[in-house]
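One structure below.
Bear in mind these aren't lab numbers, they're just calculated from the coordinates by the rules spelled out. Because the structure is predicted, anything quoted here is derived from the model rather than measured. No Cβ is skipped: glycine too gets one built from the backbone with ideal geometry, and neighbour counts run over all protein chains shown.
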Amino acid sequence: MSSLGFGDSYFAVGKGGISQFQTMVAYLGGSAFQTIVDNPVTAFRQLVQQYAVDLKGNVQDPTVARQEAMQAFKNAPMAASLSGLGPRLIGVGFKRVPKFGSLLAISFFLEKDGKVGYAAATGASIVSAPFINPVRMVEKQQRAYFKQSGATKPIMDILREAAAQNFRPLFRGTIPLMGHSLASATTGLVGQPVLEKKIRKELGATGLGQLATGLISSSIVSPIYVVMTNPLSRLEVIMQTSSIQGKAVSLPAACKEILLDSKTYGLRGIFRGQGIGVVKAIISLTTFHQGRIYCMDWFKERNVRLGYADKK
């Protein structure tokens, strides 16, 4: 195992009844489960935010944008719901391995108990951004042209267009992504598990199960997370849904578009997709952590059964 670049301790079962390698696999398993479940909501939210501007470049009412997004789903429900799912599942490896790997590695070295903390979340957000951004760019480009074609854009077409410019377009939106990733890590990966444990402790006598307490904690964390990330998500959508072959939208230009939106439609303009974002966050956080916990419990039971760990 050490020939793969990891020390034997990475695969050794620790005091918690699980190895670092198994913990990493559990995080990836939870992420894959979350990706499949929340993809339709993710796609709808992007369209709501993308249709803030019509095909002529004019800012339009949030109600109109939402209606156009709903019409896109009505016209091609399966294509819309599954759009971007391929890149997102591939991204479980390309995106999550650097993010979760750096997150768990930093936690292992900085935290005495190895638990994920805010320092690890910050480091992981910065280190993983260059790996995550190309996948998010391809995902958004796949569903960027529903209004014109009613179909997803093939991945190979996107990559060929990017290759013509030495793949530079795949890194559009990296700066807002770092902020988005940091907010996601601190609230979702750090805050939600801590809150879930406190809720389980307080409501343990009521007989609520882990799924119920996880759903409650996700419902509390999600609005905070969405308020922090919604403007950043808007910046990503603006910068990553413009034509790869055309001129890139700079970060200042994207900020100006949001400012114009806010002047025209007030808070409704700034927080386009906020409501659906809260729904998405609740679904995403709950499914990710339940999938992660299920995988970790399975590994712990397996380690006990094979004699690698003592039964508690």
*Just from its helices, what would the mean residue ellipticity at 222 nm be for the chain, if runs of 4 or more DSSP H residues each count -39500 (n - 2.57) and the sum is divided by every residue, rounded to the nearest 500 deg cm²/dmol?*
-23000 deg cm²/dmol
*Please report, in debye to the nearest 20, how large the charge dipole of the chain is about its Cα centre when each Lys and Arg carries +1 at its beta carbon and each Asp and Glu carries -1 there.*
80
_aspartates and glutamates with Cα under 18 Å of residue 300, excluding same-chain neighbours fewer than 8 positions away_ = 113, 310
_Dipole of region 10-78 [Lys/Arg +1, Asp/Glu -1 at C-beta], most positive-end residue of 44, 31, 10_ = 10
*Using θ = phi - 60° and the Karplus relation 6.51 cos²θ - 1.76 cosθ + 1.60, list the HN-Hα couplings for region 8-18 in order, rounded to whole Hz, with x at every Gly or Pro.*
4, 5, 5, 9, 7, 6, x, 5, x, x, 8
*Would you pull out the residues with amide H under 5 Å of residue 53's amide H, same chain only if 5 or more places away, H placed 1.01 Å from N?*
60
*Which label belongs to the value computed from this structure, given these candidates for P(r) over Cα pairs in 10 Å bins from 0, in percent: (i) 6, 25, 33, 22, 11, 3, 0; (ii) 5, 17, 22, 21, 16, 9, 5, 3, 2, 1, 0; (iii) 6, 26, 33, 25, 8, 2, 0?*
(i)
*asked:* Highest mean first, how do 27-33, 75-81 rank when packing is the count of other Cβ atoms within 10 Å averaged over residues?
replied: 27-33, 75-81
*For residue 175 paired with residue 148, estimate the spin-label separation in nm (one decimal), with each label point 7 Å from Cα along the Cα-to-Cβ line.*
2.7
